[in-house]
1. Would you mind counting up the charge near T166? Only other residues with Cβ under 10 Å from its Cβ, with Lys and Arg at +1 and Asp and Glu at -1.
2. Between 0 and 90 degrees, rounded to the nearest ten: what's the tilt of helix 175-188 against the longest Cα principal axis of the chain?
3. By its C-alpha gyration tensor, with a ≥ b ≥ c as the square roots of the eigenvalues, how is region 1-111 shaped: rounded for a/c under 1.5, else prolate for a/b larger than b/c, else oblate?
4. I need the trypsin sites (Lys or Arg not before Pro) found in region 128-157, filtered to DSSP loop residues with at most 13 other beta carbons within 10 Å of theirs.
5. If I fit a long axis through the Cα atoms of helix 12-22 and take the longest principal axis of the Cα atoms of the chain, what angle between them do I get, 0 to 90°, rounded to 10?
6. Projected onto the charge dipole of the chain (+1 at Lys/Arg Cβ, -1 at Asp/Glu Cβ, origin at the Cα centre), which of I73, L55, A180 gives the Cα projection farthest towards the positive end?
7. With +1 assigned to the C-beta of every Lys and Arg and -1 to the C-beta of every Asp and Glu, and no other charges, what is the dipole magnitude of region 48-204 about the Cα centre in debye, to the nearest 20?
8. Could you pull out every one of the lysines with an alpha carbon less than 24 Å from that of K157, ignoring same-chain neighbours closer than 8 positions?
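Throughout, read-outs are computed from the coordinates displayed, never taken from laboratory work. Keep in mind the model is a prediction, meaning the values are calculated, not measured. Don't worry about glycine lacking a Cβ; one is built from the backbone with ideal geometry, like all the others, and counts go over all protein chains shown.
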Amino acid sequence: MHPNPAFRAEDRDSHIAFARERAFGVLALSADQGPLLSHVPFLLSEDGAEASLHLVRSNPIVRALNEPRTVRIAVSGPDGYISPDWYGIEDQVPTWNYVAVHLTGTLSLLPQDALRDLLDRQSDFYERRLNPKPPWSASKMSAEALDKMMRMIVPCKLQVDDIQGTWKLNQNKPDDVRLAAADHVAVDGFGSETTHLAALMRSR
């Protein structure tokens, strides 16, 4: 997380809402052979206390979970390069704006019979966010195909102990300077979701 207090002013509820909405992040676990990383969809509870996810059984992280382990999920949002020319003031340097939330806690395996409920809750959460259509559910699969798929994955629970966030949106600049940069991000910027990034910069 960025150490500048200007980028750490958002409250816990904002971090939770952001992570719940994104519902996807990089799961990191420290192991003897080095960091183990996995890109995972997850469900975060409304209070941010617990995240549910599943992993492929062959994932090295699963093999490391013979006992609960401390892990972190890094959830990334919009990001983009900021040219110093966009500020309209002198003596500035290039930077990169971004939003990120880290969920840290203890990851453990759940009993295999918890998997179907987890999969149903995940697909329901994601399907409800699509344009109106009949939602997909596991009941549309044949019993044989569903059973085969479920044997390949395992359910997990993350007990969240700490939530930290960085919202680096040029809050350390005067309002007119920040807004000028936001206009350029929206039109000329590159990165990820630059239109959304510009909107967040303007909202600060």
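1. Overall, the nearby charge balance is +1.
2. So the helix axis and the longest Cα principal axis differ by about 60 degrees.
3. In terms of gyration-tensor shape, prolate.
4. R128, R129, R151
5. Between the helix axis and the principal axis of the chain, the angle is about 70 degrees.
6. So the residue furthest toward the plus end is L55.
7. With only Lys, Arg, Asp and Glu charged at Cβ, the dipole is about 660 debye.
8. K148
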